[in-house]
Every structure is written in structure tokens, then in C-alpha cells.
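The values are calculated or read from the model by the stated rules, or taken from the named source; none is laboratory data. None of these values were measured; they are calculated from a predicted model. All Cβ positions, even for glycine, are placed from backbone atoms using ideal geometry, and neighbour counts span all protein chains on display.
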Amino acid sequence: MLPIEEGRVSWPDGPALFLRARYGHALGDAPRGRLVCEQTFKPAVDTLKRAGFTLRDDDQDTYGLTLVLPQRQRDENRALLARAVAATNTGGIVLAAASNAEGAKTLEGDLRLLTGQVDTLSKNKCRAFWSRIDPAKVDRDVLEAWIAADEPRDIGGYVSRPGVFSWDRIDAGSRLLIEHLPHDLKGRVADLGAGIGYLAKEVLTLCPGVTHIDLYEAEHRALDMARQNLAAFGDKASGYWADVTRGIQGEYDATISNPPFHIDRADRHELGQAFIKSAAAALKRGGALLMVANRHLPYEETLKDAFKTVTVLTETGAYKVFWAVKK
């Protein structure tokens with residue numbers, strides 16, 4: 001918001017668009033009636049709605065100002081910049097910002113490559129950079145290539161896309177969990193933080209006694225992939241766009257999880273701890289949680305508080321797999 005606060009960029013008379021919007025104090029004075037937000041991460045969506053902002057689905061409208069908060073993965077970021085340019089009127093502005101530690105200089109270079117020119121402002125180890133859109137200067141070949149690079153693709157039997165967790169390969173922790181999956185698992189199962197659906201698909205394939213699996217995932221881009229990956233199982237699998245840390249509904253015979261432990265680049269141990277508590281609350285008495293986690297994460301005490309018995313099924317240099325049975 002600093003370029004706007006300093007008068008270098010102005011709010012347009014009409015609506016503005018905010019891609020990958022997140023609410024923060026600096027957004028407090030933004031015109032809620034004229035700022036349309038796009039976000040696919042459920043906790044961020046809920047916060048924006050509580051703050052009074054309008055959320056949009058993908059549409060074909062154009063705007064006088066498009067704000068962008070890039071993510072961690074470069075193909076997704078380039079697609080965000082390309083979509084921002086495509087959504088901005090002639091003479092309108094695309095404004096993005098990132099911390100220096102998260103590749104702000106690289107992102108600034110990407111916007112310059114796409115639009116031909118960029119202005120920049122640095123402060124507090126962050127960089128805001130913007131470009132006034134002149135269609136004659138926009139590299140249309142680059143724009144189309146960057147949007148195409150964000151499309152879903154096959155990664156060896158699973159559909160995935162840039163930006164989702166472990167987007168170009170199956171995560172080693174998830175593979176380790178499946179190596180220790182009890183094949184006599186049965187009944188109704190929940191997959192907490194389901195990602196692209198790898199764990200859920202393996203459970204339905206390897207455990208004939210499982211009658212149904214519910215997938216809970218906060219990132220809608222990943223949930224879309226999961227639904228494709230489990231389409232062959234029909235009504236034996238259901239997907240829910242949900243913030244697992246706020247709890248889930250239902251009584252399950254078992255839960256599985258490879259829980260997240262960071263937001264952006266910051267470690268957030270409490271995420272996994274909240275997943276454990278949500279799993280315990282949703283399980284039937286005697287139900288079990290099968291979970292994999294990086295071995296350095298402090299989850300044992302939370303597991304012991306929530307479950308009757310906790311067993312480490314395997315431990316490697318990087319991961320632990322836990323089997324925990326509810327009291």
C-alpha cells in the first residue's frame with residue numbers, strides 16, 4: 001500500500017482487483033465497495049469476508065488497478081502477473097509487492113519483462129513495483145506462455161499444478177505414510193490437509209474396507225486437483241474446502257494427515273497441533289489417526305494429550321509416522 005499512501009499510485013474511479021488478496025492493517029483504508037478480491041486459501045478468504053471485502057470467482061472483467069501478492073512458486077507467480085496484466089485496462093496499473101527474502105527483485109524483473117517498464121519503491125526489506133499498462137509494450141507471447149505454464153499437468157498418475165504443496169512430485173513424507181498404511185483400515189475416513197488427493201487415493205486403492213473418505217483442504221487450487229484425481233472412485237470420496245484448524249464435522253473411524261507446518265516461509269508448529277486436535281475431536285472412540293510429520297516438529301505432547309495411545313511406526317532422518325488411538 002505504500003505507493004498508494006505516497007500518492008505514486010492512485011485508486012481508480014471504478015473497481016480495483018486484488019489477486020491473492022490477504023487482509024492486513026495496511027488494507028484497512030482500502031475502499032471496500034470498489035476493491036474486488038480473489039483468493040483460494042480458505043483462512044484468508046474468511047478473514048477478508050469478515051473485514052467486509054467482496055470475493056470474486058474468476059471472471060472476464062477489467063480494472064483500472066490490479067494488486068498482486070505473489071506466492072512461493074515461480075510459475076504460479078508469473079501466471080499471477082500475466083493474469084493481472086490481462087485484467088487491467090489500457091492505462092491502468094499493475095502493482096505487486098514482496099519481501100526481498102521472497103524474491104522481490106526477481107518478481108520485479110518478471111513484471112518488467114512482461115510489460116516493458118516498471119517503477120519501484122523499497123522499504124523495510126520489501127519492494128513494491130508497478131507498471132502502467134500500454135498494450136503496445138506488453139509481450140503477448142510471454143503473457144500467454146506464463147498463463148499456460150500454470151495449467152494442471154500430469155506428475156506420474158496424478159494431476160497437479162504449480163503452487164500447491166509438492167506440486168511437481170509426490171512428497172516423501174506422504175510416500176512414507178503410505179508405506180506404513182494398515183491395509184485393514186475400514187469404515188469412514190477423513191484426510192486432513194488432503195492436497196492433490198494422493199493419500200486419499202492410496203487409501204481407497206489399498207484398503208478395501210474403507211467405505212468413504214472425506215478430503216478436507218484449505219487451498220482450493222489443490223482441492224480441484226484432488227477431485228480430478230479421485231473422480232474414478234465416484235461417491236466414495238467427497239471434497240471439502242475447509243480450514244481444518246477450526247474443526248471438522250462428523251464421526252470418523254480413522255483420519256490420515258500430512259499436516260502443514262508453515263504459512264508462507266514461516267514455521268507455524270501450531271498448525272499441525274491444531275490438525276491433531278481436530279482429528280481427535282472428529283474420531284469415534286477407539287478411532288485412529290495415522291500422521292506423518294517432519295521429525296523436528298513438537299507434536300508428541302499434543303498427541304499424548306489427545307489420544308489414549310501413541311505409537312511411532314517408523315522414524316527416518318527427516319520424518320516420523322505416528323499411529324494414535326483415541327481415548
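Here's the yes/no breakdown for (1) farther than 20 Å from ASP150 by Cβ; (2) crowded, with 24+ Cβ neighbours inside 10 Å:
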position: LEU67; (1), (2): no, yes
position: GLN71; (1), (2): no, no
position: GLY92; (1), (2): yes, no
position: ALA98; (1), (2): no, no
position: LEU114; (1), (2): no, no
position: ASN124; (1), (2): yes, no
position: ARG127; (1), (2): yes, no
(request) Report, by residue number, each residue of the range 184-233 that is surrounded by fewer than 17 Cβ atoms within 10 Å (Cβ to Cβ), β-branched (Val, Ile, Thr) and not in a strand (DSSP E or B). (result) THR205
(request) Return yes when LEU176 is free of Cβ contacts under 8 Å to residues at least 40 places away in the same chain and assigned by TED's automatic domain parsing to the domain that holds THR314 and no when it is not. (result) no
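Could you grab me the full set of residues in the range 1-15 that are under 28 Å from the mean Cα position of the chain (by Cα) and surrounded by 18 or more Cβ atoms within 10 Å (Cβ to Cβ)? Before you say what the answer is, go through the steps one by one.
Taking the range 1-15 first, the residues under 28 Å from the mean Cα position of the chain (by Cα) are 1-4, 15.
Passing the criteria: PRO3, ILE4, PRO15.
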(request) Kindly establish whether ASP243 is more than 26 Å from LEU81 (Cα to Cα) and either outside the structural domain of LEU80 (by TED's automatic domain parsing) or not hydroxyl-bearing (Ser, Thr, Tyr) (or both). (result) yes
(message) I need every pair where a residue in the range 296-309 that is among the hydrophobic types (A, V, I, L, M, F, W, C) has its Cβ under 7 Å from the Cβ of a residue that is loosely packed, with under 13 Cβ neighbours inside 10 Å and not in a helix (DSSP H, G or I), sequence separation at least 6 or different chains.
(response) PHE307/LYS327
(request) Filter the range 80-90 down to the residues that are within 22 Å of the chain's Cα centre (by Cα) and crowded, with 24+ Cβ neighbours inside 10 Å, then identify the one that is farthest from ILE133 (Cα to Cα). (result) LEU80
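A quick yes/no check of all residues on (1) modelled with pLDDT under 95; (2) in contact with a Phe, Trp or Tyr (Cβ under 6 Å, 6 or more places away or on another chain); (3) farther than 24 Å from ASP46 by Cβ:
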| position | (1), (2), (3) |
| --- | --- |
| LYS236 | no, no, yes |
| PRO260 | yes, no, no |
| ILE263 | yes, no, no |
| LEU271 | yes, yes, no |
| ALA274 | yes, no, no |
| LEU283 | no, yes, yes |
| VAL292 | no, yes, yes |
| GLY317 | yes, no, yes |
(request) Give VAL321, VAL244 a once-over and let me know the one that is more than 26 Å from PRO43 (Cβ to Cβ) and of a type in the set (A, V, I, L, M). (result) VAL321
(request) Taking the residues in the range 129-143 that are of a type outside the set (Lys, Arg) and out of contact with any helix residue (DSSP H, G or I) (no Cβ under 8 Å at 6 or more places or on another chain) as candidates, determine which candidate is surrounded by the most Cβ atoms within 10 Å (Cβ to Cβ). (result) PRO135
(request) Please give the strands (runs of 3 or more DSSP E) falling wholly within the range 29-148 in which 1 or more residues are charged (D, E, K, R) and outside the structural domain of GLY163 (by TED's automatic domain parsing). (result) 35-38, 119-123, 126-132
